[in-house]
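Comments concern the structure below.
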Amino acid sequence: MSATGKQRKRVLMVGLLCQDILNLVHHYPAEDEDVRCVDQFWQKGGNAANSACVLSSLGESTEYLGAVSSRAEASSALQELRDFSVLTEHVVYSDCPIPTSCVIINMQTGSRTIVHGHRNMAELTAEDFSNLDLHQYKWIHFEGRNTAEVCKMMGIVEEYNNNVATPDDVIILSTECEKPKYKMGHLIPKVDVLFVSKEYAESCGFCNAEETVTKLLQRVKKGCTVLCAWGDQGADGITSGGTHYHCQAFAPEKVVDTLGAGDTFNASVIWGLCRGTGLEEALRLGCRIAGQKCGQVGYKNLHS
Ligand SMILES: Nc1ncnc2c1ncn2[C@@H]1O[C@H](COP(=O)(O)OP(=O)(O)O)[C@@H](O)[C@H]1O
Ligand SMILES: *[C@@H]1O[C@H](CO)[C@@H](O)[C@H](O)[C@H]1NC(C)=O
């Protein structure tokens, strides 16, 4: 396949679609206080869904895949994905309530306090995944959850990659280590790009982003790039050859909403790497666009 052929392929983001209910407040309420919020709105959420919208805003042809509630209450979240021009034709519907996060955004600091209800949502299965025509994709990112099943899905991609006609058809695999409770051990050695959260890093006993990427590089496969975002400290990345980069955070004029900063970071890094920027520039893009996001509410109008 020619370079232009590769450019026509999509990025696929696999994970959860949620409903976020955002409450914007001037100060964080005390327990049992009765407060009025400054503003309240519904927004689609879920890591993969958020990253998909950012990638699509940046101009990348992007598809979202996950198990999605078929109930009426889920229709606005799905519609919002479509409003961002994210493709959704392969989602698998399930008659479950939509997972919902109630979020308090403290506009003073931009902090986001999240109470998440999973509500027994069904998970995507490897069997669902096996119905895809993988020729359409150049990059597949898996949220690091439902790991036993995701491991099988990655296996399907590996199998495909081992049998492609030309190297241009090889699909790049990425995932994230977000929550310590998910067993990531089997996924880490499978991917080409690994994103690690501060929370996960700290659960491994690492003190900063540089230590995290350096230590995790020993657990990934040959050729894998590792990145770690560390809130207002910015982010670090390391190439498979061991070259380390740090990028500082780009502080917006005022931090108003940090919900999904990490998802914006990942999406922007993937966007950069898809365009062949190399790690140093991709890190910068990640921090710059994530910083932009922190300075505004929601994900609209993000740009490079
Ligand atoms: N307060 C902030 N000011 C500027 N940039 C920020 C701020 N918080 C996060 N970012 C940017 O977003 C990226 C991801 O943030 P992080 O807090 O690590 O993600 P998550 O949303 O997963 O908790 C950081 O690397 C940084 O570039
Ligand atoms: C992006 O990576 C961060 C870790 O840097 C993680 O917390 C977040 O969930 C990831 N988002 C996706 C879509 O994987």
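All of the numbers you see were taken from the coordinates with simple rules; none came from a lab. For clarity, every value in this text was computed on a predicted model and none was experimentally measured. When we count neighbours, we look across all protein chains shown, and the Cβ atoms used for this are built from the backbone with ideal geometry, even at glycine.
Below are the figures for this structure:
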{"read-out": "For the chain, built as a Gaussian network whose Cα springs stay under 10 Å, the top-fluctuating residue of 198, 181, 215", "value": "181"}
{"read-out": "Radius 14 Å from Cβ of residue 118, net charge of other residues (Lys, Arg +1; Asp, Glu -1)", "value": "+1"}
{"read-out": "The chain: most fluctuating residue of 56, 111, 268 per GNM, C-alpha cutoff 10 Å", "value": "111"}
{"read-out": "Under 25 Å from residue 293, Cα to Cα: lysines that are on another chain or at least 8 residues apart", "value": "44, 179, 198, 254"}
{"read-out": "Highest-fluctuation residue, 267, 282, 30 considered, GNM on the chain with Cα pairs under 10 Å", "value": "30"}
{"read-out": "Globularity index of the chain, i.e. its alpha-carbon radius of gyration over 2.2 N^0.38 Å", "value": "0.96"}
{"read-out": "The range 212-269 - percent relative contact order, Cα under 8 Å, separation 6 or more", "value": "25"}
{"read-out": "Spin-label model distance (nm) - residue 85 vs residue 304, 7 Å beyond Cα toward Cβ", "value": "1.4"}
{"read-out": "Volume per residue that the Cα convex hull of the range 205-258 spans, once the total is divided by residue count, Å³", "value": "84"}
{"read-out": "Pairwise FRET efficiency - residue 163 versus residue 296, Cβ, R0 = 41 Å, nearest 0.05", "value": "0.40"}
{"read-out": "Surrounding net charge for residue 18, when Lys and Arg each add one and Asp and Glu each subtract one, Cβ distance under 10 Å", "value": "+1"}
{"read-out": "The range 121-198: C-alpha gyration tensor shape, a/c 1.5 cut-off, then a/b vs b/c", "value": "oblate"}
